[in-house]
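Visitor: Before I ask anything, let me first share the structure, which is written out below as structure tokens.
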Amino acid sequence: MAEPPPRRTTPIAAETVRSIAIDAGFDLVGFGPADPGEHGQHFVRWLAAGRHGSMHYLEANRDRALDPTRWRPGVRSAIALAVDYGGPPAALPGGGRIARYAAGRDYHRWLRERVFALRERLEAAGVPYGSMNGGTDAVPVLERALAVRAGIGFLAKSAMVISPTHGPYLQLAELLTGLDLPTDAPAAGSCGTCTACLDACPTTAITAPFQVDARRCLSYTTIELRGSIPEPLRAPQGEWLFGCDVCLEVCPFTRRSARSRDVGAARPPVLQPHRIVETWSLVDVLELTPERYEAEFTGTAMRRATRSGLRRNAAVVLGNRGDDAALPALVRALADRDPIVRGHAAWAIGRIDARHPALARARATEDDAEVRAELDAALARRGE
């Protein structure tokens, strides 16, 4: 790690920083080191095992994540921030579940805006201009490690961060600063003997306490993965169109989320359901055009999955639901220009009606090897 910069006296009291951050809309504020500490080596081992799958940006940012001074020279402390986004389950009308954090406005936008507004307020209060840098999610730091080291919460067996006062539904953000801030004590509590998240994970992605193989996690396969979802993971995907909340839903600490009881107009505007969540169907998503994707998915985190990924996911959920009413749309999808959509539509039709004549017709004209294999597998289900 680079030589630390000279110490700089904090121009305002730490509790004043905390008070300003709470007033700026953060539910939890903690102070800790700017580096991930012992969590960094866990990250290195996780990458070496290939458990990050195709998220190559994590490997590319490895050194900066381990040593934030490579990203922002001179940082010494982290102001760790969290917002409780707990709430009711989110799903499209007629089915298709969405992880709660993605149901409202895109957190990449509103949370980043909140972090930048906090930075401006702290600068106005006396923190030297330009001495803080941060954001959320896209910033090359290990956010969970910084949150744990700053006392926001403890590391759960699901590898999530659990606040003993607010539970596990936490949007994390941070400001790194060259100032010396007093490190907060570790959060009280732990998972104890509880293994609810390991027991409930639909794909056994939580391979052991504190160990997650992203390649099996539905939050990876439905969002980050480009291309085909491995066939063994499709049925366990169940109703999940985007992301997965299972390990959070079964956590006993979910009842600590005060915001989980807020519904309708009682919820903050940024957490209220996006119009897509309230009005779209799975078939709408399956038949999503480029024009509608650009026009109507603006302002939602679901864009991260890409248009192809969302349509692929919709096909899987429709297949898992087994609803004959979806067959016309799935049959149309067999002629789609996107081979990923064609292949997953074939899988879905095979789940609903493997004897449907559209499968054999499509097989006779299909020129993509992977889609042909999907069609063959779907047709093979006729004997089951």
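Readers should treat all values here as calculations from the given coordinates under stated rules, not as data from a laboratory. Because the structure is a prediction, the values reported are computed rather than measured. Positions of Cβ are backbone-derived with ideal geometry, glycine not excepted, and every protein chain shown enters the neighbour counts.
Visitor: From the P(r) of the chain, could you give the percentage of C-alpha pairs in the tail past 25 Å?
Guide: That tail contains 59 percent of the Cα-Cα pairs.
Visitor: Mind putting a number on the dipole of segment 280-384 about its Cα centre? Charges go on the C-beta only, +1 for Lys and Arg and -1 for Asp and Glu, and I need it in Debye to the nearest 20.
Guide: Value, rounded to 20: 140 debye.
Visitor: From the C-alpha gyration tensor of segment 178-294, pull out the three semi-axes of the equivalent ellipsoid (sqrt of 5λ each), sorted largest to smallest, in whole Å.
Guide: They are 30, 23, 16 Å, listed largest first.
Visitor: A further question on this structure: Mind checking Rg over Rh on segment 205-263, alpha carbons, Kirkwood formula for Rh?
Guide: 1.04
Visitor: Net charge within 13 Å of ASP27 by Cβ-Cβ distance, Lys/Arg positive one each and Asp/Glu negative one each, not counting ASP27 itself?
Guide: Taking every Cβ under 13 Å from that of ASP27, the sum is +1.
Visitor: Please report ILE276, ILE12 as a ranked list, fewest other C-beta atoms within 10 angstrom at the top and most at the bottom.
Guide: ILE12, ILE276
Visitor: When N is the residue count of segment 242-321, what does its C-alpha Rg come to as a fraction of 2.2 N^0.38 Å?
Guide: 1.28
Visitor: Let me understand segment 280-384 better: what is its radius of gyration from the alpha carbons, and its Dmax, in angstrom?
Guide: 13.6, 46
Visitor: For PHE297, PHE242, PHE154, what's the fewest-to-most ordering of other Cβ within 10 Å of each Cβ?
Guide: PHE154, PHE297, PHE242
Visitor: Where Lys and Arg each count +1 and Asp and Glu each count -1, what net charge lies around GLY95 among other residues with Cβ under 11 Å from its Cβ?
Guide: It works out to a net charge of 0.
Visitor: Something else now. Which order results if TRP347, TRP71 are arranged by neighbouring Cβ count within 10 Å, fewest first?
Guide: Ascending Cβ contact count within 10 Å gives the list TRP71, TRP347.
Visitor: Follow-up. Counting helices only, and only those DSSP H runs with n ≥ 4, report the 222 nm mean residue ellipticity of the chain as the sum of -39,500 (n - 2.57) divided by its residues, in deg cm²/dmol to the nearest 500.
Guide: It lands at -10500 deg cm²/dmol.
Visitor: Please build a GNM for the chain, connecting alpha carbons under 10 Å apart, and tell me which residue among ASP336, ASP35, ASP245 fluctuates the most.
Guide: Its mean-square fluctuation being the largest, the pick is ASP336.
Visitor: Report the residue, chosen from ASP262, ASP367, ASP67, that carries the largest GNM mean-square fluctuation when the chain is represented by alpha-carbon nodes joined by springs under 10 Å.
Guide: The residue with the greatest mean-square fluctuation here is ASP367.
Visitor: What residue among ALA78, ALA34, ALA358 has the largest mean-square fluctuation in a Gaussian network model of the chain, using Cα springs under 10 Å?
Guide: Highest fluctuation of the listed residues: ALA358.
Visitor: Are there trypsin sites (Lys or Arg not before Pro) in segment 137-226 that DSSP marks as loop and that have at most 16 other Cβ atoms within 10 Å, and which are they?
Guide: Sparse-neighbourhood loop trypsin sites (Lys or Arg not before Pro): ARG226.
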